[in-house]
Ligand SMILES: Cc1cc2nc3c(=O)[nH]c(=O)nc-3n(C[C@H](O)[C@H](O)[C@H](O)COP(=O)(O)OP(=O)(O)OC[C@H]3O[C@@H](n4cnc5c(N)ncnc54)[C@H](O)[C@@H]3O)c2cc1C
Ligand code: SF4
Ligand code: SF4
Ligand code: SF4
């Protein structure tokens, strides 16, 4: 029966509850941690959290097992000549790293040092600030982010349209009449670039109110199952959006008054749409013209509507253009900044303004050394890393610090990245496990998990459907001898004579021995911001101290604010700036692109998120890998028959760039014919034994990092809609056994 | 001492119990759910041979579970997945006790887990039981599911009334299949000989006899409710007053009885009828060669009644079948065991284990066997750690296959079964059916050996 | 809301293995397990995470708002299981 698991062995203190939030995905759900004697007894959803309202998923609730994982790295590890690791003290590790970095800097300059930011940094404000700070202080152009395998197009479009990379509108699903959901599967992912609590339920609310939700996806995803589904060919999104806009403008359905009022440069729209043909778009998207027309008319006619898009359209070859057209669709139908539309959130710390002030935001202020990619928010794209390592010359990448990331699996052409990493003079990994990436590192510096450090949802608070504020201290003591990422980075910075901060005067302060902590900086940002207490001038306002003392999240409003466009814009004219050459170039590129499938690689592969998985994370947790968890390739029955695949067959997938063996095929008409779906982030190596035992194959052996294959304006990798061919390995495997 | 080589275990029977045992022995990285949490119970490499007397695996999933329950048949996917794990081997068409003996197995393997299910049935023990038209529900179920041992049976359904003795879930399955529209059954994997016979059915009434009152009815709620979904079929109750269910009955009982009362009310009309007759025991089956009637006594007042019937099926329980060379509890119809270890006169036989229906009797549903198998595997692992397994002289995988093939002319591996499986599915597709079952062992083996 | 187990359940407890809040009963080592005709979800404790639905090999589990019409009664059936085990749940919703 359901008896709470009580720790009876230690009789001392009674269990206490503490309200925290989850740092696994962009839902940032409120949780209640029950703690006794510094042991985590259990994690449960926080029913009082304003946004997540009692929801949490099995990943977040299992996170105690990550914290307590016996495979976790608990003290700094140094790689020996034979490739094995030995434990060393922090002192030794940091000193040696400092020495080696200084030696590299001496020969190659500070600009030869690289930093790589993983997804997890989005819940780690200290690491986030120090990363940007270190890169700024080093004046290196080698700041890489997993965002460039994910979402770079978003950053770019926001910078150009709204004046800040980080100012991203979110769909007001709670009040909309029509939600268009493109290439997103919130029923499984729980949302991204939109921190909507109880995402699935909020979407169901739309249809319950009599509204509509239309899901655009090559796969009848878990979300599509719940709503109307319109299958689309992988990477057909830009075409669909362009065609919808074409219909809207041709049929006079656009809200010209809104365009006039809210934007400048809207003349570009007509120019962009002029050469678009519905027939061609229909071919490319695999959606009949009549259905595109109907969808466009319905979207435009809805009293309020929001088009929301994610991975399906943000990791393809036209990611930037897709995101641009998505925003234009929202704007041109009068849905920007209005109830039920495409709204700006109300973060409790105005990160957008902060980053703007720190001049951390921008686009194309410089170009990358080898590939000439424009910078996005001060970062260079991941696709370039191998070439930046192997191409000699000034600014050649010689040393890399990888923070909370596993690019050896998650980056495109992962094999090439691994080879390139071997050529670095120094590779440092801050990771809780020995992963495919960290096992290659010269030093593994083990950080705390989010249960063991102070935090606030720095990233997701900027996208919250229900504005709220929460800042929590460490829930549990750090295990073993692990340290906060921010501390580690600061210690390394000290040893190479920098302050990991990029504000004016920071380095000078550093010389005086003053190193403002990330918490201090963020607190200043909070207290001087729109929700702040202005250092006492506004007693009802917020401060770090106040929030730390508050158990749970504080609700700031019932829903997304509207009518705040002018206040939020960072553009000079306080309007949405629609006209930029890059979008014209991109439209020309789209129209000239071929969407015919290569006959040698006749199928199109898309990646898939699964309920109990988060990219490459969490595969070492029993609860998340038990119950018939196998990496499976989903394929439509028609394609299965054509290529001789039987249910359960091991399958070989080949792309022009590589080949993998997937353990099992799953034949299902959830797939659109011609497309395949494969969960990514599998095929582990290293010290996380369970993750390794789970098996599977790395999706990114099939992808490419070729510069011309990326989304050109943002450098975002194309990891969706990969052209592949397949064959069954049934007989091969049988012969072997 | 713990040697380097993998532990070699034979599992006899590829039904749910056997396959779960294989699954637990070839433990997945997520571990095994035991005592409220996930734990690793197997700490060394294991090789498993699953020996099955038929060419087809999955036991009652294939030959018991009703064809119109495709969701439950999907359990096969779980077993498929287990079969793909490293260390698994299927050896079909080997009957333990006939082709190879338990003594052979205990020599060849480190340990043997018997999961042979319940291959026999309980008998009514009344006169006329052997007349044509009288059989066990087990035979009928196996027949409509295409079990090769039962494919030659003939059931003549050109009569007005069938009587089912016993009112458990098997009786519900049988009643439902008897009254399901042929068009619906066409979309299932029911054996085509059964489809033909059911197409000729003239049955108008099915009487389901229960020895005791409705509060003791053996059927479960979902199976009862499915009868309510049959079109044009009236449901009624005789021999009991449903309003008299004891107040203190448990929730499930109350739910069932209330549901039955509701069905009777809502389904009072129909050209066909299902009658639940309670407090009724059969005393004799009568007829000249072919069943003509069944005599029933009302156990409340001992009054006798004669029901005309052309078909009588006894659905009073499956029963285990003894295996030559192993002890057998003839009263309970199981292999006697203690904590999954087979015992002979109270003494455990080293390295011999039992799980599933042959251990617990024909009780519990598919998943009950998962826990049961887990416990058997736990016992194996405890005995390995205590050096209680007879590990001397164990044969290698290749040697075992050689030894078996010396005794059985044709065996098949998992790929052989997959060949049958694919053939059945493609034959089915050709007829617009999910699967067309092969029902003769010879034909199946022919297909497999055809190269 | 809550999740609900319906008729096809075969009690293979895959759902129990993945449920993050242990709200599915009976568990394999509970006394009622061997005789269970299906498992049940405690509607008060369920956090709607969907993990069990995904793990169920026979599609027996549904979010309450997605229950097929013919199985609406399983909302009450699941809840009632815990009502008769009053030591675990004081109050069971009846929001059918
Ligand atoms: C008609 C019917 C319907 C059912 N419907 C359901 C349902 O809907 N849902 C549910 O959960 N449960 C259902 N059950 C229960 C479920 O099928 C059983 O719990 C389960 O099959 C028992 O598993 P087992 O492995 O012990 O036996 P079995 O499934 O009988 O497997 C035993 C296997 O051993 C093989 N074998 C036997 N003797 C030998 C030998 N000497 N050598 C080699 N191999 C041998 C057999 O061929 C068989 O493959 C149903 C049962 C029946 C009878
Ligand atoms: S949905 Fe995301 S944030 Fe919420 S509990 Fe799950 S992993 Fe954590
Ligand atoms: S996973 Fe499905 S079949 Fe198995 S016990 Fe849970 S509900 Fe029942
Ligand atoms: S939805 Fe989640 S919490 Fe609810 S029963 Fe299923 S696994 Fe448990």
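Derivation of every value follows stated rules applied to the coordinates shown; laboratory data play no part. All figures in this text were calculated on a predicted structure; none of them were measured in a lab. Note that we place each Cβ from the backbone using ideal geometry, even for glycine, and neighbour counts take in every protein chain shown.
Kindly rank B:159-168, A:247-256, C:22-31 from highest to lowest mean number of other beta carbons found within 10 Å of each residue.
Details: B:159-168: 22.8, A:247-256: 16.5, C:22-31: 19.2.
Top of the packing list down: B:159-168, C:22-31, A:247-256.
With r as the distance between the Cβ atoms of residue C:44 and residue A:37 and R0 = 25 Å, compute the FRET efficiency 1/(1 + (r/R0)^6) and round to 0.05.
Details: r = 28 Å, r/R0 = 1.12.
With R0 = 25 Å, the Cβ-Cβ based efficiency is 0.35.
For chain A, what is the mean residue ellipticity at 222 nm derived from helices alone (per DSSP H run of n ≥ 4: -39500 (n - 2.57); sum divided by total residues; nearest 500 deg cm²/dmol)? Please list the in-between numbers first.
Values: 29 runs with 236 residues, N = 737.
My calculation for chain A gives -8500 deg cm²/dmol from helical runs alone.
Could you tell me the relative contact order of chain B? Use alpha-carbon pairs under 8 Å, at least six residues apart, and round to a whole percent. Walk me through the intermediate numbers first.
Details: 913 pairs, mean separation 98.6, N = 451.
Once divided by the residue count of chain B, the mean separation gives 22 percent.
Please compute the length gained on full extension between residue A:550 and residue A:208, using 0.36 nm multiplied by the number of residues separating them and subtracting their Cα-Cα distance. Walk me through the intermediate numbers first.
Working: separation 342, 0.36 × 342 = 123.12 nm, distance 3.52 nm.
Stretched fully, the residue A:550-residue A:208 segment lengthens by 119.6 nm.
As a test of the formula, what do you get for chain B when each DSSP H run with n ≥ 4 contributes -39,500 (n - 2.57) and the sum is divided by the residue count, at 222 nm and rounded to the nearest 500 deg cm²/dmol?
Values: 16 runs with 147 residues, N = 451.
Result for chain B, helices only: -9500 deg cm²/dmol.
Where both residues lie in chain B, what percent of DSSP beta bridges are antiparallel, nearest 5? Present the calculation step by step, with values, prior to reporting the outcome.
Details: 23 of 67 bridges.
Percent antiparallel among DSSP bridges in chain B is about 35.
Which of the peptides A:282-288, A:515-521, A:111-117, A:14-20 is most tightly packed, and how do the rest follow, judged by the mean count of other Cβ atoms within 10 Å per residue?
Details: A:282-288: 19.9, A:515-521: 17.0, A:111-117: 23.9, A:14-20: 14.7.
Top to bottom by mean Cβ count within 10 Å: A:111-117, A:282-288, A:515-521, A:14-20.
What does DSSP give for the protein assembly as shown in terms of the percent of beta bridges that are antiparallel, rounded to the nearest 5?
Values: 70 of 158 bridges.
Counting only bridges with both partners in the protein assembly as shown, antiparallel ones make up about 45 percent.
Expressed in nm to one decimal, what extension gain is obtained for the pair residue B:154 and residue B:409 from 0.36 nm per residue of sequence separation less their Cα-Cα distance?
Details: separation 255, 0.36 × 255 = 91.80 nm, distance 2.97 nm.
Additional length available on full extension: 88.8 nm.
Just to be sure I understand the model, the point goes 7 Å from the Cα along the line to the Cβ. What's the resulting residue A:515 to residue B:85 distance in nm?
The answer from the label model is 5.0 nm.
Please state the equivalent ellipsoid semi-axes for the protein assembly as shown: what are the square roots of 5 times the Cα gyration tensor eigenvalues, largest first, in whole Å? Can you show the working numbers first?
On the way: eigenvalues 691, 244, 183 Å².
So the three semi-axes of the protein assembly as shown are 59, 35, 30 Å.
Can you grab the distance from the C-alpha centre of segment A:148-218 to the C-alpha centre of segment A:589-647, Å, no decimals?
23
Rank these for me by crowding, B:152, A:442, B:110, A:598, going from fewest to most other beta carbons within 10 Å. Kindly include the intermediate steps, with their values, before the conclusion.
Values: B:152 10, A:442 19, B:110 24, A:598 14.
Ranking B:152, A:442, B:110, A:598 by Cβ neighbours within 10 Å, fewest first, gives B:152, A:598, A:442, B:110.
Let me know the volume per residue of the alpha-carbon convex hull for segment A:597-736, in Å³. Each step should come with its number before you reach the end.
Values: hull volume 18.5 nm³, N = 140.
Residue-normalised Cα hull volume stands at 132 Å³.
Return a whole-number percent for the relative contact order of segment A:538-689, with Cα pairs under 8 Å and 6 or more residues apart as the contact set. Don't skip to the answer; put the middle values down first.
Values: 149 pairs, mean separation 35.2, N = 152.
So the answer I get is 23 percent.
What is the calculated FRET efficiency for residue B:330 to residue A:68, with r their C-beta to C-beta distance and R₀ = 45 Å, to the nearest 0.05? Walk me through the numbers on the way to the answer.
Values: r = 52 Å, r/R0 = 1.15.
Computed FRET efficiency for residue B:330 and residue A:68: 0.30.
Can you compute the modelled spin-label distance between residue C:66 and residue B:299, with each label point 7 Å from Cα toward Cβ, in nm?
Rounded to a tenth, the inter-label distance reads 4.5 nm.
If you count, for every residue in A:635-645, the Cβ atoms of partner chains within 10 Å of its Cβ, what is the mean? Intermediate results must be reported in sequence, preceding the final value.
Working: counts 0, 0, 0, 0, 0, 0, 2, 0, 0, 0, 0.
Shielding by partners across A:635-645 averages 0.
Per residue, how big is the convex hull around the C-alpha atoms of chain A? Give it to me in cubic angstrom, could you? Mind showing how you got there, number by number?
Details: hull volume 124.5 nm³, N = 737.
Measuring per residue, one finds 169 Å³ for the Cα hull of chain A.
Most exposed first by the Cβ proxy, i.e. fewest other Cβ within 10 Å, how do A:324, B:251 rank?
Details: A:324 27, B:251 12.
Going from sparsest to densest Cβ surroundings: B:251, A:324.
With the Cα gyration tensor of segment C:3-95 giving a ≥ b ≥ c as the square roots of its eigenvalues, does the rule (a/c under 1.5 for rounded; else a/b larger than b/c for prolate; else oblate) give rounded, prolate or oblate?
Numbers: a/c = 1.32, a/b = 1.04, b/c = 1.26.
In terms of gyration-tensor shape, rounded.
Quick check for you: which residues of segment A:641-656 have the amide N under 15 Å from the point 7 Å beyond the Cα of residue B:195 toward its beta carbon?
Those under the cut-off are none; the list is empty.
Across peptide B:65-78, how many C-beta atoms of other chains are within 10 Å of each residue C-beta, on average? It would help to have the intermediate numbers written out before the result.
Numbers: counts 1, 0, 0, 0, 4, 3, 10, 8, 1, 6, 4, 1, 6, 7.
What the average comes to for B:65-78 is 4.
Rounded to whole Å, give me the distance from the Cα center of segment B:242-256 to that of segment A:122-137.
Spelled out, the Cα-based centre of one part sits 66 Å from the other.
Could you check what % of the DSSP bridge pairs in segment A:597-736 are antiparallel, to the nearest 5?
65
With each label point set 7 Å from Cα along the Cα-Cβ vector, what nm distance links residue B:186 and residue A:579?
The two pseudo-label positions are separated by 6.6 nm.
Once the Cα atoms of segment A:620-671 are picked out, what are the Rg and Dmax in Å?
12.8, 37
Calculate, for residue A:48 and residue B:397, the FRET efficiency according to 1/(1 + (r/R0)^6) with r their C-beta to C-beta distance and R0 51 Å; round to the nearest 0.05.
Values: r = 59 Å, r/R0 = 1.15.
Result of the calculation: an efficiency of 0.30.
Sorting A:534, A:239, A:450 on the 10 Å Cβ count, fewest up front, what's the list? Provide the component values of the computation, followed by the final result.
On the way: A:534 12, A:239 30, A:450 23.
Result, fewest neighbours first: A:534, A:450, A:239.
What's the center-to-center distance, using Cα atoms, between segment B:183-220 and segment B:265-326 in Å?
That distance is 13 Å.
For C:52-63, what's the mean count of beta carbons from other chains sitting within 10 Å of each residue's beta carbon? Each step should come with its number before you reach the end.
Numbers: counts 2, 2, 8, 7, 3, 13, 11, 4, 3, 0, 0, 5.
That works out to 5 on average.
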